[in-house]
Amino acid sequence: MSSYDVGTRCWYPDPKIGWIAVTIKSNKQQGNKYHLELQSDNDSQQIFTVETDNLNEDNEKLPPLRNPPILEAAEDLTSLSYLNEPAVLHAIKLRYSQLNIYTYSGIVLIATNPFQRVDQLYSQDIIQAYAGKTRGELDPHLFAIAEDAYRCMKTDGQNQTIVVSGESGAGKTVSAKYIMRYFASVEEDFNNHNDENHKTDMSDVEKQILATNPIMEAFGNAKTTRNDNSSRFGKYLEILFNKNTSIIGARIRTYLLERSRLVFQPKTERNYHIFYQILSGMNEDDKLTLGLSNAEDYKYTNQGGQPIIEGMNDEEEFQITKDALNLIGINDNKQFEIYKILAALLHIGNIDIAATRNDAHLSSDEPNLVKACELLGIDSNNFAKWCIKKQIQTRSEKIISNYNHKQALVARDSFAKYIYSALFDWLVDYINQDLCPQEVNAQINSFIGVLDIYGFEHFEKNSFEQFCINYANEKLQQEFNQHVFKLEQDEYIKEQIEWSFIDFSDNQPCINLIENKLGILSLLDEESRLPSGNDESWIQKMYQTLDKEPTNKVFKKPRFGQTKFVVSHYAHEVSYDIEGFIEKNRDTVGEGHLEVLKETSNELLQSILSIIDRNATNLELSSSTSSTTINNNNNSRPKPANRKPTLGSIFKNSLIELMKTIDSTNAHYIRCIKPNEQKEAWKFDSLMVLSQLRACGVLETIRISCAGFPSRWSYVEFADRYHILVPSDDWIKVMNGGQTTQESVSDLCNKILQRNIDDKAKYQLGNSKIFFKAGMLAKFEKLRADKLFKSAVMIQKNVRRNIYRNQYLITRQSHIKLQSLIRGYIKRSQIKFELETKAAILIQTGLRGAMIRIHTKQAINSIITIQNSIRGLSTRRQINQLRTEKSAIVIQKHFRGLIARKEFNLKSKSIVIIQSAFRRKFAYEELKQLKIEAKSVNKLKEVSYKLENKVVDLTQQLTNKIQDNKSLVIEITNLKNLLQQQNLAHETLKNREVEFNEKFDSQNVNHQREIANLNKELEAIKADYSSAEQRIEELTKEQAELRQEVKRTVEELQAAQAELVKRDTIEVDLKSHIEQLKAEIIQLQRNGANGIGANGMINNPKSRNLSNKRHSSALAWNSPTSLENNARPVSVIAVSNDDDINIDDINDELFRLLRDSRQLHREIVEGLLKGLKIPPAGVAADLTRKEVLFPSRIIIIILSDMWRLGLTKESEEFLGEVLSTIQTIVSSLKDDDVIPNGAFWLSNTHELYSFVSYAQQTIIANDTLSHEMSEEEFEEYLKLVAVVKEDFESLSYNIYNMWMKKIEKELEKKAVSAVVLSQSLPGFMAPESSPFLAKVFSPGVQYKMDDILSFFNSVYWSMKSYFIEQEVMNEVIIELLKFVDALCFNDLIMRRNFLSWKRGLQLNYNVTRLEEWCKSHEIAEGSAYLSHLLQSAKLLQLRKNTPDDIDIIYEICYALKPIQIQKLISQYYVADYETPIAPNVLQAVADKVRDSHGSSELFAPTGSDGHFNDPFRTVHLRPFSRVEAYVPAWLNLPVIRRIVELVAKNASVQEANSIEHNSIPEVETALNGH
């Protein structure tokens, strides 16, 4: 079977686009010739013809074959089945059109410049995504190479080098910049990976390393025709690491700065950026000082004609450069000194040297010369002199001669170039000293070098710079070829396969041509050292020496002209123009100018010149070709100057050192490609790219691979894809996992190969991979496609057979059913006729019988009616007779009863009259006795004190009654606080009294009269009591003894009352008496206030002086206004009814306990906080607030009493301990304790915050407190509370952030596995990408959606059980949903060969379960926070066959950005049963991304950058009225228990006092109501 059958896809060369895709339309053999007709895929009318002798694949006349569609956009070019030039170009072009700018080619990363900002590819999220990943695990990327280098350095301890090359404008500088940023960022991320609160800022060293980029770009980059930011020098940056692989510094080596650019720029180009930056960004005063104006005014900046670069702001760039210089230690003053030198160079360029007939003339007072010399600190006369004169040193004397005008201009420009080059070297040296001082140098353990060097250059006119650049590329290409060959060889040895030596193109002859003893550089140096040496003499020497064997293979003399020579480089033949070679190689400055510079007064310039001397000394010491001086042999003559090294020799030595460095390191290669000359975004010029691929060695790498076994598949991947090529008996057990081992997979691969490949030389079996010759994978793909096609045909055939058989069976069954229906109809008709006949007979029989029965029934009814009438008449007569007899009996009964009642009532009235008479008699006797006692003065005293003490005692009894009876407590409390409630209670009591009196009157009218007489006598007693009030003052001393008698008297009275009335009227009678007695006491107090107050028997004799400083804060809580408006939170605890409780003693003991901070802090920290057992939370948990919030309420009680007692300092120390301990507890939570314990402490912290906020509001609203305290004390008190409030707010913020970070960290372990990877929907299980690999290497812990839902349940019910506000709960759940959405989406979008239609179903099912959980827990719009995942699932399930389908996807997936949609579609894995996504569809998606102007961020944001807003700040404070002090029995806290008990007693006493204080006006109101 030939590879060039009809329908075979291949390539045909095209002069405009390189290659076009064609398909073989016909293959005809005519004699010994084969005629192939090729049809273009883009234009069916375009036909090409190829004629050849044979159809062997190695026939160069045949068109190169195309790869299968699955391989056309391969991420690694070496994985292509057909590794030919057009296949490589097409793969890069296809990936570029899909916005994939990176492609692997073996060990090389090809980076195609998009000419557009693609910052989304280099964000911090992308850096984190590639950190720790092996190469090939994610898409090709710059960071994958950087990570590979970093990982190799860490694991192997070997130094690394990343070589970034490419032609000008290909993106080398940007690539090197992002590599440096990656190392700085990923190193910081690795070191802080386990630190949850680590800062995302980089270290100062890392910032300084990145700051070198804008500095080197400003001083070493310029605009060229090909690139707006072209590096005009080579740079090798070594990033230095210590033993811990932490960045500690850096070193920079530079190569061949383009000095000529300073004095000359072609059209549309610019000088170095720094000149335009200072001219645009420097302020006017500084510019005036330096004599600067605009770029158009200076020769060194106006030659290109375009001083402004589109899209670049030189003013902003100047500020960036200044900031970078400051960052590496060059302050503003030293920067200004640098700007002075740069300004001087601009003025030097404007120096006007006049031309005479043979000489040049320059005046020492020329304005530009004077200004330049002033800025440089040199003598203007001497400088002017040596600009137009030269000094020649002979053996015996110095000869001074004049320059002509052209030579004078060269001397002026050489002076400027010398200073700028020296300034550039000084900057590099300063950066090296700053980033790699001696102490850092001693810590260096390894380094990663980044080489940003110019690529191969080939212009119409090529000069000395292009020669050096191409020479460097020759050396690098040789090292690259050797490195690739070595890796290829090592791979074969590692896999233990048979291999033969691979021949590759060696460019050693070209290198020998350049650097041999009689090579180009040697001849150039020899000619440069001759005083009369020139370009023409040098070129003739080269023609004579090199244009012969063996060098004439790589050196050619042009056919016409004597000013050029041609070198055959590995990439291309380049013709060099000799003009300026000698002068540029000499790079000399006149001795006179050097002497002038040495006399400079500019300190910075002196420092710069010293760097030149030091570098020259180092170069001489390191040079292998050191020469001896002449003055050692002849001391009589003057000492000649040392031989100065030429620029070519300097570059050669530095290049040799660079090669040694690269050889000693593990090299990684990045080849940057410039896709078009116009720098147009996303435009691909195939011919231009093809030439660069040849020049950068990519095609050579592929050729080396093709010489061996370019295609390599692991056993697992090969078996997974091609197992269908063997019978199912051979693979079914392996596929099902029953016998999945490494050996079984290898055996399966052997069977596949033996069954399908006859020539065993086409493949080799390695230890872990199978190696194939070029084209073998395409053959396997064709076999697989044929197998699938045959299988599909077989399936279709059987399906169709089943369909038609089912149709036949259905038709046959229909006929049988139809026959059955017809026969049944006939039989049913016959049966129906017989049934109808029988029914008619039955009807006739029934009708006749019915007529006879009706007649008989009528006769019987008539007889019965006559009988009923007769019997009814007889019965009615009997009933009337019985009714008459019963009426007579009733009349007799009522008459006898009337007579009996009259007799009974008469007897009862007589008895009552007799009883009343006896009672009246006893009452008269008692009244007489009372009158006798009332006339006695002593008795009056006794009665008055008894009444007074009786009121006090009854008040205490009433308090006890209130506690026993809830209804009475409510009534008394209402009487104390509100006048309205007093009136209501008064009316209630009055009504109850009236009701009782009415009941009593109905029983005994006479008894009511006696009570009225007693009331009159009581009024008389009150009148007598008023006359005796003058003697009350003398009798008050006996008040204490009379209290006990009053108690006994009251008890006797209560016992007497109990005998007279029922139990339900006792409380009403007591209240009535209390109101009467209180009214009398008020009257007594009004009349005898002076006497009672003087002796202090009623007021508290030991009241504390609240003006005392340490108790001044008590006014905030104890003032009547405070108690009336907002009662202070107090401890509700069982308190003993000790009548001798002294509030001063309580406060003294509290003061002593709270002041003993050591014991208190130990119990709070160790006992209460750290030793706490958190009550378990959950759905079944039934916790009360006191069980959850008791820690915060204990702290509230202690804190409030510290403030009350004036212990400000102690309260601050106490709060400091509490805050730090709670924060430490939360920060140390781990595993299962994180969720419940964190929620517990969050709730308690909010309780504390609410209390302090409540206290602050109370203090501000309390006008009494502000008046009773001094203004200074009040402000200090307010400040204390405000600070405490702020501390609790900060604590709440901190522990909420720590808690959320810990929760997210725990959720991060489960989310991706559960949401993205788990497959919970049966029947739509997507196959694993490598099922064998999953069996051979057991995976880690796998989580399911049930784990995620359990996690969310745990969070929800923990917050619910611990009384966290609903708003906060919703906010927490929403944050977690957003985190899951972003985390899983970011993981999903980076997965390769994973996204598929079935995965979309599974993902949608998993996310829907999470959405349903939200609905069941009242989280509104949960789907809105999972939009990325939901819409990604929809995208995977939607069609993607046409551009219209893409428009529908954009409408449905509105939450996804175009770049995200493009990434998902490009990562979509097309199953065998699906239609592959057409290239025009992928192109349409890429076009939408390019046309979009929105955010280009690829990843979804994963939250708030590690900082969460505290949701408790947006919810209402918790209400406070009474704080219940609950100390669990299992806590051993004696001091805290005592403090809580004392606080409770104190509160109880204050409450009782407030009740007594407020009860007096209540009694007065009650009496007035009566």
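The values are calculated or read from the model by the stated rules, or taken from the named source; none is laboratory data. Just so it is clear, the model here is predicted, and its values are computed rather than measured. When we count neighbours, we look across all protein chains shown, and the Cβ atoms used for this are built from the backbone with ideal geometry, even at glycine. What goes into the accessible areas is simple: the full protein's heavy atoms, side chains included, and nothing from ligands, DNA or RNA. Shrake-Rupley method; radii C 1.70, N 1.55, O 1.52, S 1.80 Å.
General remarks:
- Of the whole protein surface, TRP1397 contributes about 80 Å² of accessible area at a 1.4 Å probe radius.
- Distance between the C-alpha centres of segment 228-247 and segment 70-105: 30 Å, rounded to the whole angstrom.
- Cross-link pairs LYS1302/LYS1344; LYS172/LYS287; LYS133/LYS779; LYS177/LYS235; LYS93/LYS790 - those with Cα-Cα distance over 23 Å: LYS172/LYS287; LYS133/LYS779; LYS93/LYS790
- For GLY1206, the residues 5 or more places off, or on other chains, whose built amide H falls under 5 Å of its own are SER1113.
- Those aspartates and glutamates that a straight Cα-Cα span of less than 19 Å connects to LYS782, excepting residues fewer than 8 apart in one chain: ASP5, GLU57, GLU72, GLU717, ASP720, ASP758, ASP759, ASP1472, GLU1474
- Projecting label points 7 angstrom from Cα along Cα→Cβ for ASP1491 and LEU487 puts them 4.0 nm apart.
- Ordered from highest to lowest accessible area with the whole protein assembly present and a 1.4 Å probe, ARG712, ARG800 read as ARG800, ARG712.
- Net +/- balance of residues flanking THR665 in space, Cβ distance below 12 Å, scoring K and R +1, D and E -1: -3
- Sparse-neighbourhood loop sites, trypsin sites (Lys or Arg not before Pro) in segment 460-542 - DSSP loop, at most 15 other Cβ within 10 angstrom: LYS461, LYS517
- Backbone amide hydrogens, once placed in the peptide plane, bring HIS1417 within less than 5 Å of nothing, excluding anything fewer than 5 places away on its chain.
- Modelled this way, with points 7 Å down the Cα-to-C-beta line, the labels at PHE895 and ILE732 are 12.0 nm from one another.
- Applying both filters, DSSP loop and at most 13 other Cβ atoms within 10 Å, to the chymotrypsin sites (Phe, Trp or Tyr not before Pro) of segment 486-575 gives PHE501, PHE560.
- Here is the list for segment 485-587: GluC sites (Glu not before Pro) lying in DSSP coil, each with at most 14 other C-beta atoms within 10 angstrom of its C-beta, are GLU498.
- The alpha-carbon of LYS990 sits under 29 angstrom from the alpha-carbons of these lysines, leaving out residues fewer than 8 places away in its chain: LYS946, LYS950, LYS961, LYS966, LYS976, LYS999, LYS1016, LYS1022, LYS1047, LYS1062, LYS1071, LYS1078.
- Summary of the geometry: segment 20-36 and segment 1352-1406, compared by the centres of their Cα atoms, lie 60 Å apart.
- Counting only residues at least eight positions apart within a chain, or on another chain, the aspartates and glutamates with an alpha carbon under 15 Å from that of LYS340 are GLU284, ASP285, ASP286, ASP332, GLU374, GLU603.
- Close amide H pairs (under 5 Å, H built 1.01 Å from N) link ASN462 with ASP577, residues at least 5 positions away or on another chain.
- Among 1371-1378, 1346-1353, sorting by the average number of other beta carbon atoms lying within 10 angstrom of each residue, highest first, gives 1371-1378, 1346-1353.
- In this structure segment 230-302 gives 35 Å² per residue of accessible area when probed at 1.4 Å with all protein chains present.
- Pairs beyond 22 Å (Cα-Cα), from LYS1209/LYS1279; LYS322/LYS652; LYS154/LYS475: LYS322/LYS652; LYS154/LYS475
- Inter-probe distance in nm under a simple model that places probes 7 Å from Cα toward Cβ, at GLU579 and GLN391: 3.3
- Length-normalised contact order for segment 4-85 - Cα pairs under 8 Å, 6+ apart - percent: 22
- Per-pair calculated FRET efficiency, R0 = 45 Å: LYS817 and ALA21 via Cβ, rounded to 0.05: 0.15
- When each of LYS16/LYS61; LYS398/LYS541; LYS16/LYS674 is checked by Cα-Cα distance, pairs over 22 Å: LYS398/LYS541
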